[in-house]
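Peer 1: Attaching a single structure in structure tokens format; questions to follow.
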Amino acid sequence: MVEALEQLPMSLGYFRLILRCFGDTPERRAAILAGTGVTDDMLRDPSADISLFQQARQVENLVALFGDGWALRSPELWNLSCHGPLGVAGVAAPDLAAMVEVITRFGFVRAPFYRTSLRRGPQWSQMDYDLTVDLAETVWRPMMEVSFIGFRAGVASMLAAPPAEAHFFFACAEPEHAPQVRAILGRNVAYGAARNAIRFPTAWLALQSPMADATLYGVALQELQAARARLIAPDGLRDRVERLLKSLPAGHPTADEVARLTGVSRRTLVRRLSEAGTGYRELVDAELRVRAERLLRAGDLSHSQIAETLGYTDPSSFSRACRRWFRGALPPVCRPNQARKDTNRS
């Protein structure tokens, strides 16, 4: 998991802002930076990026310092502008529908740990936030809180009033700081939901933005499109799929699932991987081979248990895959451990 998080790029903007808001003493600054590997030179470099692992480590440090509700302590984090070109495009968008489209199309460019989609109904619409990486709840929940508060701020500016009809859903148990969350988001906050989501009246999508700016909106979109293009370029998309497969639970995710999580259509996924000289099945097979060899070397599970762990419904299918991967026999280092395990279970 650490390896997967280390390979997911993350904007350094959030890291800098959080450090500025909470690192108000040398001791706190040092505690917030501890274990992140982020240096002063990186913080001064406007073009520098970090990994999601480094961002997650910073969040863990903040939880240790201030508790689970740390993200609610600094209103500066709630400003849409802290989301860089994503926030700028949202603020300058002509209406709420355009702002929502910006979030669903480009949100993962700034925050690679979730993917957003919109379900539009006649009366109510819902934005779903699906996690793409298996982060700890204490890491993803404050990030989700900040995202929800930012969305609420954007809607409030268009309504010129608090968006009382908006509903906010968190896919976790209710935390101790839930009263503070409701004080900011409103009374319609629910925990224990099936997924993280925001529900609002569909009529709001037509709300005009008082801060609409066609020039600024266009410039921000160009920057987001360029960043997205870098991520979904053939080689870039291949790297993202490989990282995603490493981070997903054991099993065989479908191409449709991975396409959704990487923000492209299945057709685009297939085409871009082909342009990069590979295919989706080949990438899944390579990841399963790595996992299989790791489990076999560990010698903690039987052959059938490993097959089940990797998502094979039939152990014989796993056996055939092993013969193909390891040229008819398991690597020598694997055989003794596996033999001992099977003997112990017989």
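Peer 1: Of (1) out of contact with any strand residue (DSSP E or B) (no Cβ under 6 Å at 6 or more places or on another chain); (2) within 20 Å of Gln225 (Cα to Cα); (3) surrounded by fewer than 20 Cβ atoms within 10 Å (Cβ to Cβ); (4) of a type outside the set (Gly, Ala, Ser), Phe106 satisfies all except one. Which?
Peer 2: The failed condition is (3).
Peer 1: Scanning for something under 27 Å from Leu244 (Cβ atoms) and not in a helix (DSSP H, G or I), does region 58-68 turn up at least one residue?
Peer 2: No, that holds for no residue.
Peer 1: Name, by its number, the condition in (1) in a helix (DSSP H, G or I); (2) more than 16 Å from the chain's Cα centre (by Cα); (3) polar (S, T, N, Q) that does not hold for Gln54.
Peer 2: (2)
Peer 1: May I pose another question? Out of Val109, Val181, Val139, report the one residue that is of a type outside the set (Gly, Ala, Ser) and over 22 Å from Leu62 (Cβ atoms).
Peer 2: Sole residue among the options that is of a type outside the set (Gly, Ala, Ser) and over 22 Å from Leu62 (Cβ atoms): Val109.
Peer 1: Considering only region 72-85, state which residues are surrounded by 18 or more Cβ atoms within 10 Å (Cβ to Cβ) and farther than 12 Å from Tyr14 by Cα.
Peer 2: Correct list: Leu72, Pro85.
Peer 1: Further, regarding this structure: Mind counting the residues in region 158-208 that are aliphatic (A, V, I, L, M), more than 16 Å from Arg119 (Cβ to Cβ) and part of a helix (DSSP H, G or I)?
Peer 2: 8
Peer 1: Then there is this: Name the single residue, out of those in region 247-260 being part of a helix (DSSP H, G or I) and at pLDDT below 75, that is farthest from the chain's Cα centre (by Cα).
Peer 2: Arg260
Peer 1: Quick one: which helices (runs of 4 or more DSSP H) sit completely within region 272-346 and have at least 2 residues that are modelled with pLDDT of 85 or more and more than 17 Å from Pro253 (Cβ to Cβ)?
Peer 2: 280-298, 303-309, 315-325
Peer 1: From Met158, Met143, which residue is aliphatic (A, V, I, L, M), under 30 Å from Leu283 (Cβ atoms) and surrounded by 15 or more Cβ atoms within 10 Å (Cβ to Cβ)?
Peer 2: That would be Met143, the only listed residue that is aliphatic (A, V, I, L, M), under 30 Å from Leu283 (Cβ atoms) and surrounded by 15 or more Cβ atoms within 10 Å (Cβ to Cβ).
Peer 1: Between Gly236, Gly263, which is at pLDDT below 80, surrounded by 14 or more Cβ atoms within 10 Å (Cβ to Cβ), touching a Gly at 6+ places or on another chain (Cβ under 9 Å) and small (Gly, Ala, Ser)?
Peer 2: Testing whether each residue is at pLDDT below 80, surrounded by 14 or more Cβ atoms within 10 Å (Cβ to Cβ), touching a Gly at 6+ places or on another chain (Cβ under 9 Å) and small (Gly, Ala, Ser) leaves just Gly263.
Peer 1: Moving to a separate point now. With respect to Arg120, determine if the residue is among the basic types (Lys, Arg) and more than 18 Å from Trp140 (Cα to Cα).
Peer 2: Taking the combined requirement at face value, the residue satisfies it.
Peer 1: I'd like to check something: does region 115-132 contain any residue that is surrounded by 17 or more Cβ atoms within 10 Å (Cβ to Cβ), in contact with a helix residue (DSSP H, G or I) (Cβ under 6 Å, 6 or more places away or on another chain) and modelled with pLDDT of 95 or more?
Peer 2: Yes - at least one qualifying residue is present in region 115-132.
Peer 1: Right, next: Restricting to region 266-317, and then to whatever is among the hydroxyl-bearing types (Ser, Thr, Tyr) and surrounded by fewer than 14 Cβ atoms within 10 Å (Cβ to Cβ), can you tell me which residue is nearest to Val241 (Cα to Cα)?
Peer 2: Ser274
Peer 1: If you don't mind, there's one more thing I want to ask. Against the conditions (1) at pLDDT 95 or above; (2) surrounded by fewer than 18 Cβ atoms within 10 Å (Cβ to Cβ), where does Val100 fall short? Just the number, please.
Peer 2: So the condition that Val100 fails would be (2).
Peer 1: Return yes when Pro112 is outside any helix (DSSP H, G or I) and over 17 Å from the mean Cα position of the chain (by Cα) and no when it is not.
Peer 2: So Pro112 does not fit the description; no.
The values are calculated or read from the model by the stated rules, or taken from the named source; none is laboratory data. Just so it is clear, the structure is predicted and the values come from calculations on it, not from any experiment. Because the Cβ atoms are built from the backbone with ideal geometry, glycine has one as well, and the counts that use them run over all protein chains shown.
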